[in-house]
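Q: This is the structure I want to talk about, given as C-alpha cells.
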Amino acid sequence: MRGSTRMTALLLGLLAGPALAQTTVLTAARIHTMDTAQPLAQAMAYDASGKILAVGSTGELQARYPQARRLDVGSATVVPGLIDAHAHVGGLGFAMMSADLVGTASKAEVLARLRENAKGLKPGEWLVGRGWDQNDWPEKTFPNAADLDAAFPDRPVWLSRIDGHAGWANSAAMRAVKRDLTGSWQPDGGSIQRDAAGTPNGIFIDNAMLLLEEARPASSEATAERALVLGMQAAVAHGLTGVHDAGISLDELHRYQRLADRGAMPLRIYAMADGNAAALESLCKGGLYRHASGRLQMRAVKLYADGALGSRGAAMLEDYSDDHGNRGLLLMSAQELADASAKAKRCGVQAATHAIGDRGNRLTLDTYAHALGKDAAGDHRWRVEHAQILAPADLSRFAGMHVIASMQPTHATSDMPWAQERVGTQRIVGAYAWRQLRDSGARLAFGSDFPVESVDPRLGLYSAVSRADGEGKPAGGWMPQEKLTAYEALRAFTLDAAYAGFAESELGSLAPGKRADFVVLAQDPLAVPDAALKALTVLATYVDGKAVYEAPVR
Ligand SMILES: [Zn+2]
C-alpha cells in the first residue's frame, strides 16, 4: 500500500512536476478581485498559461500548491488589469513620435524644440508636432506661418494645438495642399484663418485641419507599426491590460494581426472597425474576428453621430447657449447611420456610436431602437461612445434598451471650465451624468479617449470620484452629485469595460477560470483619499500571468 502510494506520488510528480513548477502563487497585502463572490483575498494561483486556478488566503493556496513558484508583492495591492474602453492606440503612438510642444512658454521655445526634432528627419520630410497653447505665451495670440518660415523655408511643418482642434502650418506645408487655400471659402465644420487679402495665415480650425492632414504623405508601414508598439507600451506602463481601439481601418487590423502573430502584443486590443467601410465589410464576409492568442479581436463597428462640444460640432436639440442659431452638425446623416446600424445588426456586429450632443445621442438611441427592433431587450451590448450630453427623457433609455454608456471621466474635468457656457444651466444637468446613468441601471464602461486625454487611467479614476481638476478645483467638485465611489469607478475600468467587449467571463475580475491580467499597485485604490488616486504607483502590469511592465527599481 505504502509503496504503491509512493509510486503514485512519484509518478504524479513526474507527470505534473513541470506544470506544477510553472504554477504561480501570488501573494499580496490585498487583492481586490472585483468578484462579488470573493471581493477580497491575499493570494491567487494561476497556471503557466495564465489561467487563474484559485483565489483565497495565503496559507490555503500555499498548502494547495506547495511546489508552485512564489510571487510575493509584499505590502502592495493587486487589482484586475485596467481596460480603457475607448482610445486610439496608433494615435497615441504617432503623438509620441511627433515633436512635443506641451508646456512651451514662448514661440522661441517652440522653434528650439522643432529644430531639435528636425535633426532626425530626412530633407523635405514633414515635421509634425503637437501640444502648443498660445495662452501659455506672453502675447497670447494665435501664431502664424511666418513664425515658422524663417527657420523652415522648405520643410513642411504642421503643429496641432493642445486640444487637437486647431493646427498651425508653415508656408511649405500649405503649398503641399492641392486645393487653392486663398479667397473666402471655408470647409464644412472648419475654418481657414486668412488675412484681409484672403491669404491663409497658417491657422486651421477643426475640419480645416483635414486639408493639411490629407496633404501629408502617408506614413510608412514600419512607422505605423512603431506607433502601435509605442502606444501599447505606454498603455501597459500605466496599468492597462486592455484597450478598446475606437475605430481602425482594415490595414490597421492587419498591422495588429502581424504583431499578434509575432507575439508582440503586450496587452489585449478590442478593435472597432472604423465606420461603414472595408473593416466592417470584412466582419460581414468573414465573421467576427479573434486572434488565437486572445490578444486581438474585432467584432464591433465605430459609427459617428456628431462632432465635439469644444468646437460646437456636437449636435444639439436647441441652439448653443453661447452661439445662437447653431445646433452643431451630424457627421453621418440619419440615413447613413440607420444603414450602417442595420448592417451591423445583420452581421452580428456590435455598434459603438460616437454621440456627444443631446441630439446626437437621441438620434443614436432612436437608430439603435429601430435597427435592433425586438432584440433591443437582448444581449446586443450596443454602445454609445461619450454619451456626453443627454436630454432628461433619454437618460433612462440606456438602461431600458440595454445600451452601454462608454464614457471618459477626464472629458468632464477637461471640459468643465467652458461646458456650461456652451449648453446653459438646464442642459448641463444631463451632461457627463455617469451617476444618473449608473443609478438608472445603465452599464458604464470607462476610458480616456487617449491621445485626446492622457493614457493614464489613474486620472480617469480620480476624475470619476472627484469631478475636480489636478489641483482639486473646484473645491468639492463640479456637479458633485455625479461623483462615483472609487469602487464604482474601478468597476467601470475593469469588469464593466470587459462586459462592453463581451469578455466578462474571461477578464475584468480575478476569479478561477479567468485570465491572470492584473496590476500591482503600491497603494490600495479603495482606501486612499480621492486626491491620491491620481498618484497611485503602478509597480507592475501582468497579462496572462506574465509581467508586461515592471516599474524601474529606484
Ligand atoms: Zn475617440
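Q: Which value results when the Cα radius of gyration for the chain is divided by 2.2 N^0.38 Å?
A: In units of the 2.2 N^0.38 Å rule of thumb, it is 1.04.
Q: Mind checking the dipole of the range 448-554: about its Cα centre, +1 per Lys or Arg Cβ, -1 per Asp or Glu Cβ, Debye to the nearest 20?
A: Details: 10 positive and 15 negative charges, 45 e Å.
Roughly 220 debye, rounded to the nearest 20.
Q: With the calculation restricted to Cα positions, what are the radius of gyration and Dmax of the range 402-453 in angstrom?
A: Reported Rg and Dmax, both Å: 11.8, 32.
Q: Which trypsin sites (Lys or Arg not before Pro) does the range 143-185 hold that lie in a coil by DSSP with at most 14 other beta carbons within 10 Å?
A: Lys178, Arg179
Q: In the chain, what % of DSSP beta bridges are antiparallel (nearest 5)?
A: 45
Q: What whole number of Å gives the distance from the Cα centroid of the range 461-479 to the Cα centroid of the range 405-419?
A: If we compute the Cα centre of each part, the gap is 11 Å.
Q: In the full protein assembly as shown, how much of Asp206 is accessible to a 1.4 Å probe, in Å² to the nearest 10?
A: 30
Q: Something else now. Would you calculate a helix-derived [θ] at 222 nm for the chain, using -39,500 (n - 2.57) for each DSSP H run of n ≥ 4 and dividing by the full residue count, to the nearest 500?
A: Theoretical 222 nm ellipticity from helices: -10000 deg cm²/dmol.
Q: In whole Å, what are the extents of the range 130-213 along the principal axes defined by its C-alpha atoms, from largest to smallest?
A: 32, 29, 25
Q: Okay, next question. Solvent-accessible area of Lys473, probe 1.4 Å, all protein chains present, reported in Å² to the nearest ten, please.
A: Number for this one is 120 Å².
Q: Can you check what the net charge comes to around Met332, using other residues whose Cβ is under 15 Å from the Cβ of Met332 (Lys, Arg +1; Asp, Glu -1)?
A: For residues surrounding Met332, the net value is -3.
Q: Using only the Cα atoms of the range 263-412, what do you get for the radius of gyration and for Dmax, in Å?
A: 16.0, 54
Q: Can you pull the three principal axis extents for the Cα set of the range 83-187, in Å, largest first?
A: 46, 32, 31
Q: While we're here: May I ask which residue of Gly325, Gly287, Ala169 lies farthest towards the positive end of the charge dipole of the chain, with charges of +1 (Lys, Arg) and -1 (Asp, Glu) on Cβ and the Cα centre as origin?
A: Gly287
Q: On to the next question. Filter the GluC sites (Glu not before Pro) in the range 457-554 down to the DSSP loop ones having no more than 12 other Cβ atoms within 10 Å, then list what survives.
A: Sparse-neighbourhood loop GluC sites (Glu not before Pro): Glu471.
Q: If you don't mind, another one. Less than 10 Å Cβ to Cβ from Pro392, Lys/Arg counted +1 and Asp/Glu -1: what total charge do the surrounding residues give?
A: Around Pro392, the charge tally is -1.
Q: Counting only protein heavy atoms and a 1.4 Å probe, tell me what percentage of the chain's accessible area is made up of carbon and sulfur.
A: Carbon-and-sulfur percentage of accessible area, whole number: 54.
Q: Can you work out the accessible area per residue across the chain, with the rest of the protein chains kept in place, probe 1.4 Å, in square angstrom?
A: Values: 22910 Å² over 554 residues.
Using a 1.4 Å probe on heavy atoms only, each residue of the chain averages 41 Å².
The values are calculated or read from the model by the stated rules, or taken from the named source; none is laboratory data. Fair warning: this is a prediction, and the values are worked out from it, not measured in the lab. In this analysis, Cβ positions are derived from the backbone assuming ideal geometry, glycine residues included, and neighbour counts consider all displayed protein chains. Protein only, heavy atoms only, side chains kept; ligands, DNA and RNA dropped before computing areas. Shrake-Rupley method; radii C 1.70, N 1.55, O 1.52, S 1.80 Å.
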